[in-house]
Amino acid sequence: MEVILANHSGFCFGVEKAVRRTTEEVNSIEAGVHPVCSLGPVIHNQQVVESLEKKGLNTINDVSEASEGTVIIRSHGVAKDVYDVLEAKGLRVVDTTCPFVKKIQTIVQARHQLGETVIIVGNSEHPEVIGINGWCQNRGIIISDENDLKKVPAEGPLCVVAQTTLPVQLFEKIASKLTELNPQTYVHHTICLATQDRQRAAAELAVLVSAMVVVGGRHSSNTRKLYEVCQNFLPESTYLVETQTDLPIGKLIDAEKIGLTAGASTPGDEIQSIYDTLCGLKKDQIYQIAIDGPAGAGKSTIAKLLASKLAFTYIDTGAMYRAITYKILKQCIPLNDVHAMIALAKQTEITIENEHIFLDQEDVTDLIRSEKVTKGVSTVASVKEIREEMVQFQKCISQHSHVVMDGRDIGTVVLTEADLKVFLTASVEERARRRFEELREQQPDVQLKAIEEQIKQRDYVDENREHDPLTPANDAVHIDSTSLSIHEVVENITQLFCEKIKKESVEKLVDGR
């Protein structure tokens, strides 16, 4: 697989200046003496903003919230009256407005004073456009597409400017329509040169590759425009990501060539991280992630979300054992009649389609979550012959698609060569609480203490069964989810997987492969 980085990717000089000046101000903060706030996010990149906030930057949403210290005007700029308010409050102002935006503000203010109607082509909700409009007393007419042209007067001079991150073709098309509508139209080409170069380079690369990855903040206008430019060439294989953990690896793995570009608010180290991860992908390799752990640790929920995030196939092995247990109980076979259970298992067909469990072609996804099944599944799963049947089925699935599989012996028995093995656990109390929250809507009489006892018993059975007891694989990464959210666990595992891929990329480079 070849990964090609587009020219003009990442920080433009305006964003670089804003981040550098903000960092300098934040680094100068003296505890409680010199507060620094930013009027809106400094740039549209969540990771950069969070990093600055951890160092002490306070992000505010309205000028009324600024009361002391230093106020940073972000790169998108603000309306003229904001400066007036800050001056009246006696606050120190650090202005990091992009020079291209400053130029537009100057044009708009001057032409408005001459009596021209200001036309701003752009997104009316974007902070840059809102700020620009504030330099003509908010009397500008904002045009986002051709449907808005009806708002434009057919007579009188028009001053036309563009949001700096607007696609060039869109602006030229609207400007041409405006000129036809009103002969007194004066067009100012205010799209940032860096934006034009970035979009042009992305378009040129998109025609040469089979997939494009666009890196940048989801709220970044220039990043979204880049995404749209690439989608014009690769509508089904253009992906917008903020970090390496957003990469849909299952969809990218078969690409012969991957193009990589990034918005103006994307730092270089994030671009490098994603580039290294992509370079580490092996086209002919089937990737496997094994997640083991005790009942109630959140394995199924997390494995399902992880598979969706990576575009892998999710295999709920616990549901397979539950399905057999459900059938055994439905046919009133005693759980101590091992021979009858084995015979029934050998005559059973279990399939998984779109995360639904089918037992002999019947959808039993909800039925297998009953309390009776929960109580009996460990006994059924402890039968060697039944486990052998299930393991073979699971191995077969994992040979043909990238999988995330969860259970109690995945890393030790089923996927012994998995690319990443995770042993996920949590305290008994936390696992009981989670199961209680899951069940109480369907079973109002369920008791938390009773669930705790069930989990303790389940743990004992799983850890002490004769065949394939619950135990971490020697090379498994241990994650205690007691105090972590589901999102945090998914991010942690995704990060581990990406780091492993990057490590293989470095090893491949060193070996000269």
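Every read-out reported here was derived from the displayed coordinates using simple, explicitly stated rules and does not represent laboratory data. These numbers were taken from a predicted model, which means no experiment stands behind them. Glycine also receives a Cβ, built like all others from the backbone with ideal geometry; neighbour counts cover every protein chain displayed.
The mean sequence separation of alpha-carbon pairs under 8 Å and at least six residues apart, normalised by the residue count of the chain, gives a relative contact order of 14 percent.
Extension gain, Asn232 to Leu208, is 7.3 nm, computed as 0.36 nm per intervening residue step minus the present C-alpha separation.
Within the shell defined by Cβ-Cβ distances under 15 Å, the residues around Lys150 carry a net charge of -3, with Lys and Arg each +1 and Asp and Glu each -1.
The label point for Val168 and the one for Glu488, both projected 7 Å from the Cα toward the Cβ, are 4.7 nm apart. Once you reduce the range 31-107 and the range 282-308 to the center of their Cα atoms, the two points are 43 Å from each other.
Each Cα pair under 8 Å and six or more residues apart adds its sequence gap; the mean of these over the residue count of the range 336-450 is a relative contact order of 13 percent.
For the range 171-302, the calculated P(r), taken from all Cα-Cα distances in 5 Å bins from zero up to the bin holding the longest distance, is 2, 9, 16, 16, 15, 11, 10, 7, 5, 3, 2, 1, 1, 1, 0 percent.
Helices in the chain, meaning DSSP H runs of at least 4 residues, each add -39500 (n - 2.57). Divided by all residues, the mean residue ellipticity at 222 nm is -14000 deg cm²/dmol. Straight-line cross-link partners of Lys257 among the aspartates and glutamates, defined as a Cα under 13 Å from its Cα and at least 8 positions apart when in the same chain: Glu2. Using the Cβ-Cβ distance between His356 and Thr416 with R0 set to 35 Å, the FRET efficiency works out to roughly 0.80. Rg/Rh for the range 1-118 stands at 1.06; both radii use Cα atoms, and Rh follows the Kirkwood definition.
Cross-linked pairs Lys251/Lys299; Lys421/Lys449; Lys17/Lys80; Lys327/Lys421; Lys283/Lys309: Cα-Cα separations exceed 27 Å for Lys421/Lys449; Lys327/Lys421. The convex hull drawn around the Cα atoms of the range 316-424, when projected onto a plane and averaged over every direction, covers 6.9 nm². Translational diffusion of the chain, estimated by Stokes-Einstein from the Kirkwood radius over alpha carbon pairs at 10 °C in a medium of 1.306 mPa s, is 59 µm² per second. If you average the C-alpha positions of the range 217-252 and of the range 148-173 separately, how far apart do those two centres end up, in angstrom? Spelled out, the Cα-based centre of one part sits 27 Å from the other. Normalised by 2.2 N^0.38 Å, where N is the number of residues, the alpha-carbon radius of gyration of the range 5-74 equals 1.17. If you bin all the Cα-Cα distances of the range 139-233 at 10 Å, starting from zero, the percentages per bin are 15, 41, 27, 14, 2.
Among the GluC sites (Glu not before Pro) within the range 402-476, those in coil by DSSP and having at most 15 neighbouring Cβ atoms inside 10 Å are Glu417, Glu441, Glu466. A DSSP coil position with no more than 12 other Cβ atoms inside 10 Å describes the following GluC sites (Glu not before Pro) in the range 330-367: Glu349.
Inter-part distance, the range 343-380 to the range 178-205, computed on C-alpha centroids, equals 60 Å.
Nearest-5 percent of antiparallel DSSP beta bridges in the chain? If we restrict to bridges inside the chain, about 10 percent are antiparallel. For the range 86-185, GluC sites (Glu not before Pro) are listed when DSSP marks them as loop and at most 11 other Cβ atoms sit within 10 Å of their Cβ; the list is Glu125, Glu155. Note on Lys89/Thr379: beta-carbon distance plugged into 1/(1 + (r/R0)^6) with R0 of 60 Å gives a FRET efficiency of 0.25.
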